[in-house]
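Worksheet: one structure, shown below.
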Amino acid sequence: MAEIMEKQVLWKRSCCWLDSEAGKARGNDDLSDAIQLAHKKSMTLGWDVSMHYQKGKITSSLLAVLLSTTWLGDEHISMMIEELTVRLALDLELSSKIIIAGLAFPVQINNNAKAKSYTKSNSWLLYCYQKQIEGGVEKIFFPLNVNEDHWIAGIINIPARSISFGMCHRSSCSTH
């Protein structure tokens with residue numbers, strides 16, 4: 001019961017924040033439009049309604065975290081990855097060159113590195129990605145969790161034979 005009450009409080013705070021920000025965003029059309037759209041959708045979406053992400057296991061209460069200072073969890077990252085994957089599929093040229101990998105990708109790499117072993121039987125996911133790379137995929141984007149409190153994007157550039165990460169801090173973003 002306490003968890004439900006906590007979710008409801010966070011949901012109400014998020015809706016109140018949208019209410020107050022909807023009037024403040026004047027002068028910045030993109031921001032104003034985004035806030036207005038989020039505000040409109042929050043009024044019609046229940047606070048703990050099942051969503052299509054993760055085969056219906058994700059509920060709308062997780063969205064409130066996006067409008068707060070609460071840390072993002074695996075569910076948020078999985079939801080974003082699903083959304084990006086759907087959007088990528090709409091561009092046939094890009095989708096033949098790019099993979100947006102899920103949370104299992106860095107876990108699989110880490111497990112294989114620890115075991116010092118890479119075989120089709122113990123690395124089915126990596127084997128599938130290897131086949132896609134052989135078919136022309138050039139980049140793999142994947143989430144990385146740093147110190148269990150921060151998410152960054154990892155990028156493998158196959159033609160350049162490089163691995164990098166993008167990290168946003170404050171107002172500037174860079175790739176390292």
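Using C-alpha pairs under 8 Å with a sequence gap of at least 6, the mean separation divided by the residue count of the chain gives a relative contact order of 12 percent. Between the Cα long axis of helix 104-115 and the first principal axis of the chain there is an angle of about 40°, rounded to the nearest 10. Measuring between alpha carbons in the structure, the pairs from 24/55; 12/41; 55/114; 7/57; 97/120 lying more than 25 angstrom apart are 24/55; 55/114. Each listed q (0.20, 0.23, 0.26 Å⁻¹) maps to a log10 I(q)/I(0) for segment 71-138 from the Debye sum over equal C-alpha point scatterers, namely -0.93, -1.05, -1.13.
The residues of the chain expose, per residue, 69 Å² of accessible area to a 1.4 Å probe. Divide the volume of the convex hull around the Cα atoms of segment 21-139 by the residue count and you get 159 Å³ per residue. Of the accessible area of the chain, with the probe set at 1.4 angstrom, what percent is carbon plus sulfur? Whole-percent figure for carbon plus sulfur exposure: 58. Taking the dipole about the Cα centre of the chain, with the C-beta of Lys and Arg at +1 and of Asp and Glu at -1, give me whichever of 108, 17, 86 is farthest to the positive side. Final value for the positive-end residue is 108. Among the protein heavy atoms, those of residue 66 account for about 90 Å² of accessible surface (1.4 Å probe, every chain in place).
The values are calculated or read from the model by the stated rules, or taken from the named source; none is laboratory data. Quick caveat: nothing in here was measured; it's all calculated off a predicted structure. Cβ atoms come from the backbone with ideal geometry, glycine included; neighbour counts cover every protein chain shown. Accessible surface areas use protein heavy atoms only, side chains included; no ligands, DNA or RNA. Shrake-Rupley method; radii C 1.70, N 1.55, O 1.52, S 1.80 Å.
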